[in-house]
Amino acid sequence: MNVEVRRLEVALEADFWRLMKSEPFGWCYCSAWTVPSWDGWGDRTSEENMAVRERIFREGGHDGYLLFVDGSVAGWCQCRPRAGMAKLERQLVREGAPPAHAISCLMIRPEHRGRGLAHLFLGGILDDLRARGVRRVEAYPKPGRHEDVNEVWTGPEPLFAKAGFREESRVSGRVVMVLELG
């Protein structure tokens, strides 16, 4: 099995769309932290969320990583400077927190789950962030284990703990986990 972690760029937008338009994804398009509030979030259409993502791309926002398994796109992680996600900062970040990159979405296609790929994916992302001089990374999982994978769209808590993240706080039903890279 050949596994590759690649930072999203213009040349990979088609792979992003292919993943996001597949089951069980195809609704959010990783726009959740970009819209101003959660009011009406559940009433939004996939077309509205797709339009948000198209705008992000038009504005040069390539805000994450894709996971490829044997050449096919198999996963996505939204990871970018936290300062660019005002809603996330308002909801989950303590006042005065140092700058950080935020892992705000992490998902693997169903047929690839349970094979340890999330650990490889996160490891590749952290390696890239270190190489780029990022000093602090935060993640925001829901606490505990969840049977419904739709509940862990920000990534599972044990994944981050195993990678060395430590719990900093609990806010709004989420664990704020931090990893200092340098």
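The values are calculated or read from the model by the stated rules, or taken from the named source; none is laboratory data. Computed from a predicted structure; not experimentally measured. Neighbour counts are summed over all protein chains in view; Cβ atoms, including those assigned to glycine, are modelled from backbone coordinates with ideal geometry.
Table: residues versus (1) under 15 Å from the mean Cα position of the chain (by Cα); (2) free of Cβ contacts under 8 Å to residues at least 60 places away in the same chain.
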{"residue": "R55", "(1), (2)": "no, yes"}
{"residue": "F68", "(1), (2)": "no, no"}
{"residue": "R80", "(1), (2)": "yes, yes"}
{"residue": "A86", "(1), (2)": "no, yes"}
{"residue": "Q91", "(1), (2)": "no, no"}
{"residue": "P98", "(1), (2)": "no, yes"}
{"residue": "H101", "(1), (2)": "yes, yes"}
{"residue": "R113", "(1), (2)": "no, yes"}
{"residue": "G116", "(1), (2)": "no, yes"}
### Query
Given the conditions (1) farther than 23 Å from F160 by Cα; (2) surrounded by fewer than 16 Cβ atoms within 10 Å (Cβ to Cβ), which single one is not true for L12?
(2)
## Note on the structure
Here the residues within the stretch 1-21 that are in contact (Cβ under 8 Å) with a residue 40 or more places away in the chain, part of a helix (DSSP H, G or I) and more than 15 Å from the chain's Cα centre (by Cα) are V10, L12, E13, D15, R18
### Task
Run E151 past the list (1) of a type in the set (D, E); (2) at pLDDT below 95; (3) under 24 Å from G84 (Cβ atoms) and report the number of the one that doesn't hold.
(3)
### Message
Exactly one of these conditions fails for Y140: (1) without any contact (Cβ under 8 Å) to a residue 40 or more places away in the chain; (2) of a type in the set (F, W, Y); (3) within 21 Å of Y29 (Cα to Cα). Give me its number.
### Response
(1)
